[in-house]
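Here, each number is a calculation from the coordinates, and none is a lab measurement. Quantities reported herein were computed from a predicted structural model and do not represent experimental measurements. Here Cβ is always computed from backbone atoms with ideal geometry, including for glycine, and neighbour counts include all displayed protein chains.
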Amino acid sequence: MSPLGRFGRVGRWFDGPALAGTGKGRLGLALFLVSLGAMFLAAMVAFVAIRLGAGNRWPPPGAPQIPRTIWLSTLLVVGTSVVIAAALTAVRRDLGNARLAFRLGMALVLAVAFLGTQTAVWIQLQLAGGGVRSSVYGFTFNVFTALHAVHVLGGIVPLAFVLWRARRGAYDARRHGAVAYTATYWHFLSGVWLLLFALMVLW
């Protein structure tokens, strides 16, 4: 099943009254994240194998440097996770849907900004000669970060949905399963990004 197909399937039970905050809902999300984690782990193992095979010639001679904009991308995706955690704290403490919606709205802006900065990184790298077809170096960076971006795009959908629901007073301290699921998913995305960043930029 494609990533977007999986997102659609999850979305059908994401905010349902029978699953919100239940063990069944948490198990479903856990299985979903395990499947995604296995995919990203396989990608990272492949990258490590390629990197070790290249020895000291990485990046390859003449390959462009990864644009510094990627540091801003990292700040934005981590910021999204932090703000969503603050939103979850707000609803657990029953601070009101207005405060919850404000924090979710901030998280949504940061998430969209992340995709914007990543698009800028890809364009800058392409113009510098580091596109997908340029080399194994360009291919791995562009494909792996694009894979993550697809799942970020999928994460924006439930984030926008819970924001819409929060603006209509749908959540309180006892009923906020969808907010918790969204927060967990974004923490996962943030963690995966930090690992990718460490492997492809810092290593």
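General observations
- Unmet criterion (only one of (1) surrounded by fewer than 18 Cβ atoms within 10 Å (Cβ to Cβ); (2) assigned to a helix (DSSP H, G or I)) for D172: (2)
- Residues that are in contact (Cβ under 8 Å) with a residue 24 or more places away in the chain and either under 19 Å from A54 (Cα atoms) or touching a Phe, Trp or Tyr at 6+ places or on another chain (Cβ under 6 Å) (or both) were ranked within the range 124-140; the one that is surrounded by the fewest Cβ atoms within 10 Å (Cβ to Cβ) is V136.
- Restricting attention to the range 80-101, the residues that are hydrophobic (A, V, I, L, M, F, W, C) and either closer than 17 Å to A149 by Cα or surrounded by 18 or more Cβ atoms within 10 Å (Cβ to Cβ) (or both) total 8.
- Members of the range 65-96 that are under 24 Å from N142 (Cβ atoms), in a helix (DSSP H, G or I) and β-branched (V, I, T): T69, I70, T74, V77, V78, T80
- Taking the range 23-64 as the range and being surrounded by 14 or more Cβ atoms within 10 Å (Cβ to Cβ) and assigned to a loop (DSSP other than H, G, I, E, B) as the test, the residues that pass are W58, P59, A63, P64.
- The single residue among W186, W203, W193 that is buried (at least 20 other Cβ atoms within 10 Å of the Cβ) and within 19 Å of F47 (Cα to Cα) turns out to be W193.
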